[in-house]
Each structure stands twice: as C-alpha cells, then as structure tokens.
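**Q** Pasting a structure below so you can have a look.
The values are calculated or read from the model by the stated rules, or taken from the named source; none is laboratory data. On a predicted model such as this, the values are computed, not experimentally measured, just so you know. Note: ideal-geometry Cβ built from the backbone for every residue, glycine included; neighbour counts use all protein chains shown. For the accessible areas, the whole protein counts, side chains as well, though only heavy atoms, and no ligand, DNA or RNA atoms are used. Shrake-Rupley method; radii C 1.70, N 1.55, O 1.52, S 1.80 Å.
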Amino acid sequence: APPECPFCGEAPGRELEEHVRARHRQLLGAAGTGNGEQLYECPMCSLTCTNIQILEEHVDLHLQEQNFSEGIDLELAQQLQTEEDERQRSEEEKREREEFKKLQRQYGLDNSGGFKQQFLKNMEREVDRGRMQPFEYHKRKADMMESLAFGIDDGKTKTSGVIEALCKYYQNENKDVRRVWLSAGVDHFHSSLGDRGWGCGYRNFQMLLSSLLQNSFYNDCLRDTTLIPSIPKIQSMIEDAWREGFDPHGASHFNNRLHGSKAWIGACEIYSLLTSLRIKCQIIDFHKPTGPMGTHPRLFEWILHYYSRDNEGSAKVVCTSKPPIYLQHQGHSRTVVGIEEKNNKSLCLLLFDPGCSAQQMQKLLKQNSDGTGLKLLRKFVGSLKEKQYQIVAVDGVLSLEEKAARCRASQVLTSEKIP
C-alpha cells in the first residue's frame, strides 16, 4: 500500500515528501521547555528538536526511508512476477513437449519400430499369455519374414467373394431396398498383429488394389504389381512416389520416411501412390457438414452419382465395373463398396472396414435371408457425423504426360473441396 501522511492519513504516493512540506509545515508540533526554549516534536517518532530546520531534516530522513522501502517492495514484486512468468512458461513448454510426444506415438512417428517389430512383440505377448504355442510362434515368424522378404502380403487377413455374395443376396431378398449399386469385385483385408491400431490406410489400399488387379483395363499400369504388396512394401512404394516429386509437403511431414515406422497414412498418400502408378484418381474434400445434426448428405449424393452415372437402367441390383472408393476421416479410413437406395429414397453406404475380422466378413458369404449380417457394412446418413471426410475415387488410366502434369499439380494442390 502507498505510504500515508503522518498528519492527515492521506496517501499521496511518491509525492508524500512534497505533500508534507506543502500542507503540514505549520502543524509540526511545538512545545516549550522549562527555561522558555521552544521544542519541536517529530510526528513520526516523537523525537523532540530545538530547531525547526533540524526537525525538517529529521522528517526528510523518515520520508526517504519510506520511499526506499517502497522501492524495495516494488522491486521484490517485479522479481516475484518474473519468476512466476518463467515458471508458467516452463510448465507450458513441458506440456507442449509431452503433447508432441503423445501425438508422435499416436501417429507412429516415435521411432518405435514398424510392422515387423510390432508383429514379433505381439506374438511374444500371446505366447507369454498362453494364447499361442511356441511352435506356432516360430512358424508364423518364418512366414512373416518370408512375406516381408518378397514384399508380398501373406493373405492371412483376406476374405474374397463378399461382393458376389451381396449381389446374389440383393437379387433374391431385401424388399425395403429399391435399388443397389455395387462396386467391382474387391477382397477384404483386416488389420493383423503387425499393424493393429495404425494400418487401416494400408489395408484399404490393399482392398482398392485387389479390385484394380481384377480389371484388365489397369493391366498396363499395374504390370509391376501383380500381387498384393505387404504393408512395408506399400510404405516403400509411397516413398518412391515422393522421390518422383509427388506431394513434397506431405513427404516433409513424415521426414520423407515411412518404411520401418507405424506412421498413419491418409488420402493424400493414397492419391500420390495411385498417381505414381499411372492410375487416374481424384481427392474430394467434404470439409464441413452439409446437413442437419452434423451430417454429410452431399457425400452420399456424390457416391451415388459415382456408381450410377454410367449404370442407368431399371435393374434393382447393378453390379458395376467401378472400383471401390477410399473413405477417410480423422483417425480412421474405410472402403466404400456400394450404396443402397431405400424405398423411401434414403441412402445407405456399404463399407468394408479393416477393423472387421475375417471371421466376421466370412459370415457375409452365407448371408441369412433376413440380412442381419449386413449391419456390419451398412452406414446411413446419420451414422457418418465426423467434421470432415475425404474420398479418393479411381476413374481411369493416365498417360505418362498426364502423370507428369499431376505430379507438378500435386506440389500445389491435391484436393477439391465440395462447398
């Protein structure tokens, strides 16, 4: 608190000395001695002086002492505030470092190893818990090492024939479906011990590639990719696309390295890889909801147009030659293999999810007449309520000149936003 005047109690602040001199000089106490000598009493400490000038100098010393004490208090307060600011800044920097490390771990950028290391670690854990016999561990390890050496997926997570089973089911059953469009044949791949928690993007690429390999139209651009590559091989293929010049901004995000990591990939990496293989595709960015309650009806309408635009007709079940669609949102990706139009005109996507096991998918090969197994695939408009979605849709083959042009364009812009 600012010093108070010893005479009137006011707090004039740093002007206390001038205040006393101007306002209270005449109030300095005066008393007489027994011999008639005039005495002057200090109002701050009761000291008596025989000379008014001495008393003034004495009071000045009091005022200077107060000002000095005030200066020390101010300096101490400033020092304490500086120390508090430093402490808060240090804690904030520590929190930011911890959050950054957490994000690195979440997105597989913490140098903790990749597919091979996770596969072995998870198998060792299964053996320790008694869920896997040692002989099975060694057999699966040998199979995994062989698969990685050749860069080919071992096929142990693959389910084939689901699209054909769906086509047969829709032709015979399901009265509430007015029409349905299905993609070309596609195999389902699910996450394994080596990529559980981060491999959905790679598995969806395997699904999309499995469909393209069944279509002779893409034989020329896939002549060097006749079998489904393993996840580490896909990582190397994306790195090759980066070295060609595709998406330098995205490459820098991963420090130009995916192989040997558990890094998540998304629509941009899928686009770069497909385009480097001369497969014509586009990214469509549904960057905000277009319906009530955070829904995305424009996404459903776009997918309906994709499957139906070259397949007009009156048939209830349309088995198209269109490849499946890669669908990305924050934290996960799936593959769109078809779309239903209900009798009430509502739309429903059919999705392959890498999180579904082979056992679950194989149930669809023997679909019950009531269609209960389709709950695994169906997603209505109200079910997709993430803030943003991206899709990668394949639509033909690129010439070498078109590939080079798209490589240059990807260095500036890689997606089209739906308003």
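**Q** So, taking all protein chains as they sit and a 1.4 Å probe, how much accessible area belongs to Leu120, in Å² rounded to tens?
**A** 30
**Q** When the scattering of the range 148-286 is computed by the Debye formula from its Cα atoms alone, each counted once and equally, what is log10 I(q)/I(0) at q = 0.10, 0.17, 0.20, 0.22 Å⁻¹?
**A** With no solvent term, the Cα-only Debye profile gives -0.39, -1.00, -1.28, -1.45.
**Q** Pairs of alpha-carbon atoms within less than 8 angstrom and 6+ residues apart define the contacts here; what relative contact order does the range 115-417 have, in percent? Display every interim value, and only then the final one.
**A** On the way: 521 pairs, mean separation 81.8, N = 303.
Normalised by residue count, the contact order of the range 115-417 is 27 percent.
**Q** Let me ask something else. List the pairs from Lys342/Lys379; Lys116/Lys379; Lys168/Lys379; Lys175/Lys366 whose alpha-carbon separation is above 24 Å, in the order I gave them.
**A** Lys116/Lys379
**Q** Evaluate 2.2 N^0.38 Å with N set to the residue count of the range 115-417, then give the Cα radius of gyration divided by it. The partial results should precede the final answer.
**A** Values: Rg = 19.6 Å, N = 303, 2.2 N^0.38 = 19.3 Å.
Against the empirical 2.2 N^0.38 Å value, I get 1.01 for the range 115-417.
**Q** Tell me the Rg and the Dmax, in Å, that the Cα atoms of the range 310-419 produce.
**A** Taking only Cα atoms of the range 310-419, I get Rg and Dmax of 17.2, 51 Å.
**Q** If you place +1 on the Cβ of every Lys and Arg and -1 on the Cβ of every Asp and Glu, how big does the dipole about the Cα centre of the range 258-376 come out, in debye to the nearest 20?
**A** Computed charge dipole of the range 258-376: roughly 120 debye.
**Q** Compute the Cα gyration tensor for the range 158-230, then decide on rounded, prolate or oblate, letting a ≥ b ≥ c be the square roots of its eigenvalues: rounded whenever a/c is under 1.5, prolate when a/b is larger than b/c in the other cases, and oblate in all that remain.
**A** Working: a/c = 2.94, a/b = 1.44, b/c = 2.03.
Here the range 158-230 falls in the oblate category.
**Q** Just check the range 210-284 against the gyration tensor rule for me: Cα atoms, a ≥ b ≥ c as the square roots of the eigenvalues, rounded for a/c under 1.5, and otherwise prolate or oblate depending on whether a/b exceeds b/c.
**A** Cα axes put the range 210-284 in the prolate bin.
**Q** Right, something else. Quickly work out the Glu84-to-Glu146 label distance, labels modelled 7 Å from Cα along the C-beta direction, and quote it in nm with one decimal.
**A** Output for this residue pair reads 7.0 nm.
**Q** Separate question: What are the ³J(HN,Hα) values, in whole Hz, obtained from phi via the Karplus relation 6.51 cos²θ - 1.76 cosθ + 1.60 with θ = phi - 60°, for each residue of the range 280-295 in sequence order, with x given for Gly and Pro?
**A** 6, 8, 9, 9, 10, 9, 9, 7, 7, x, 10, x, x, 6, x, 8
**Q** Once phi is turned into ³J(HN,Hα) by the Karplus curve 6.51 cos²θ - 1.76 cosθ + 1.60 with θ = phi - 60°, what whole-Hz value does each residue of the range 309-318 show in order, with x for glycine and proline?
**A** 5, 9, 9, 6, x, 9, 5, 6, 10, 10
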